[in-house]
Amino acid sequence: MKKITILYLGLFSLLLMYSCEKEEKEPILNTEQIAAPVFTSPSSGTAHVLLEANASEMFDAFQWKATGYNLNNLANTVYTVEMDEASNNFESPIFLENTQELEINYTVAQMNTLLLTNNFPADEAANLNFRVKSNITSNNTSESAVSETITLSITPYSSEIKIKSIYMLGDGTDPGWSNTDALPASHIADGKFGIIANLGGEGLFFKFISVLGQWAPQWGTDDAGTGENGNLVYRPTEDVADPVAMPCPTDAGLYRIVVDTANLSYEVYAASPTLYLLGDGSAAGWDNTAAIEMTNDGAGKFSLTADLTANSIKFIEVLGQWAPQWGTVDGTSGYGGSLAFRPTEADPDPVNIPVPADGTYLIEVDLAAQTYNLTPQ
């Protein structure tokens, strides 16, 4: 019996030693052996001059070699690409994108918008650093790795087409009939202008002029024009008779007036004091009763800083209603673009506004110019 007990003890000791030896040989992540990602494109030190004529072409792809870990079968590596002024050393980096791929791509237009919305002036070379960081999990930085930076010189172009403004005046407007104090309208596109301003009530009128201090060129309407819409009548010179003035809506208030000088028409809408964000790219989802109110910055401008995901968003003017609604137009991408208006639920839905990547954004909307901007924070 004593021999059997000794035998069992021996076997137990051998098993314990084997177990300990196996534990000691279990592979562990060695952070000292992590090989950081390495950019393979673009080449550091190169200069890029962006041209509007090449807006739809691809900018040089940002590509890199994968982070090297000393273990296999790890979770997918997440790469974060960042940009900053070369003089800032990533003290406040600008987020570009999160991805599990080994590259990100931008068109020339998207890269141009990225620079302009981050306050890099047009037609001036910006010296920029880029880096890529990697993590296995988002809540653990012990296995993170950061590439060496590459430096690029990128010169953006001005995406703002210089269009002469037109100006609104009349006894139904704040400046009255003073042609030196008339209110400037914002250019929307293709001869179309927009303005958000106070209009007086029934019995008051307004017109548009092209040059401050001059009565021609001028736009009025005809006898069929109303406080909601009508035809534009053009007066090219002072030798031509004055057109009829456009009548103000019945009720005094804040209105959005859209003037189409190419197709000679105008439309007048009540301007909402509120604007709300919603969409699967926002915390509100597509619940129009839970849409997020934006800050009214005056003159049809609204803003909001919010976390967005790489899905899509829209704007509505009234909680619980799908019109009036603002979306965008086909082909819009990147960090800003044109807004498309849906005045009533009988009108077709505009296209959803795409969110380029997960992140925190300053969202700015200008309903007079019908534009929006998403600026990463």
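Please treat every number below as a calculation from the coordinates, not as lab data. Treat the numbers as computed from the prediction; the structure is a model and nothing was measured. Neighbour counts run over all protein chains shown; Cβ positions are idealised from the backbone, glycine included.
The ratio of the alpha-carbon radius of gyration of the stretch 149-199 to the globular-protein estimate 2.2 N^0.38 Å is 1.83. Counting charges near Y276 (Lys, Arg +1; Asp, Glu -1) among other residues having Cβ under 9 Å from its Cβ returns a value of -2.
Fully extending the segment from E52 to E267, taken as 0.36 nm per residue of separation minus the present Cα-Cα distance, adds 74.2 nm. At full extension, N198 and T99 could sit 30.9 nm farther apart than now, given 0.36 nm per residue minus the alpha carbon distance. Rounded to 0.05, the FRET efficiency of the D123 and S338 pair, given R0 = 25 Å and the Cβ-Cβ distance, is 0.65. The share of alpha-carbon pairs in the chain lying farther apart than 40 Å comes to 36%. Distance from the C-alpha centroid of the stretch 183-226 to that of the stretch 341-356: 26 Å, rounded to the whole angstrom. Relative protection proxy for 127-133, 89-95, from highest mean packing down: 127-133, 89-95 (other beta-carbon atoms within 10 angstrom). Rounded to a whole number of µm²/s, how large is the Stokes-Einstein D of the stretch 30-127 at 25 °C and 0.890 mPa s, given Rh as the Kirkwood radius over C-alpha pairs? In µm²/s, the coefficient is 159.
Across the stretch 191-340 the C-alpha pair distances fall into 10 Å bins from zero in the proportions 10, 32, 29, 19, 9, 1 percent.
A convex hull fitted around the alpha carbon atoms of the stretch 296-335 yields 128 Å³ per residue.
Calculated mean residue ellipticity at 222 nm for the chain: -3000 deg cm²/dmol, from DSSP H runs with n ≥ 4 weighted as -39500 (n - 2.57), summed, divided by the residue count and rounded to 500. Dividing the radius of gyration of the alpha carbons in the stretch 264-377 by their Kirkwood radius gives 0.93 for Rg/Rh.
Computed over the alpha carbons of the stretch 245-292, Rg followed by Dmax gives 16.3, 46 Å. Expressed per residue, the C-alpha convex hull volume of the stretch 207-282 stands at 145 Å³. Paramagnetic label reach from K164 (point 7 Å along Cα→Cβ; backbone nitrogen cut-off under 15 Å): within the stretch 205-243, residues 208-219, 235-238.
Considering only the Cα atoms of the stretch 163-264, their convex hull presents on average a projected area of 5.7 nm².
Between D349 and S303, what FRET efficiency comes out of the Förster formula 1/(1 + (r/R0)^6) with R0 = 30 Å and r the beta carbon distance, rounded to 0.05? With a Förster radius of 30 Å, E is 0.80. Computed over the chain with a Gaussian network model linking Cα atoms closer than 10 Å, the most mobile of P156, P348, P243 is P348.
Counting charges near P243 (Lys, Arg +1; Asp, Glu -1) among other residues having Cβ under 13 Å from its Cβ returns a value of -2. Extension gain for N229-T250 works out to 6.3 nm (0.36 nm per residue, less the C-alpha to C-alpha distance).
Seen from T151, the other residues with C-beta closer than 15 Å to its C-beta sum to a net charge of -4, counting Lys and Arg as +1 and Asp and Glu as -1. Once R0 is set to 22 Å, what does the formula 1/(1 + (r/R0)^6) return for the Cβ-Cβ distance between D242 and D190, expressed as a FRET efficiency to the nearest 0.05? The value I calculate is 0.25. The modelled label-to-label distance between T180 and A66, using points 7 Å beyond Cα along the C-beta direction, is 7.2 nm.
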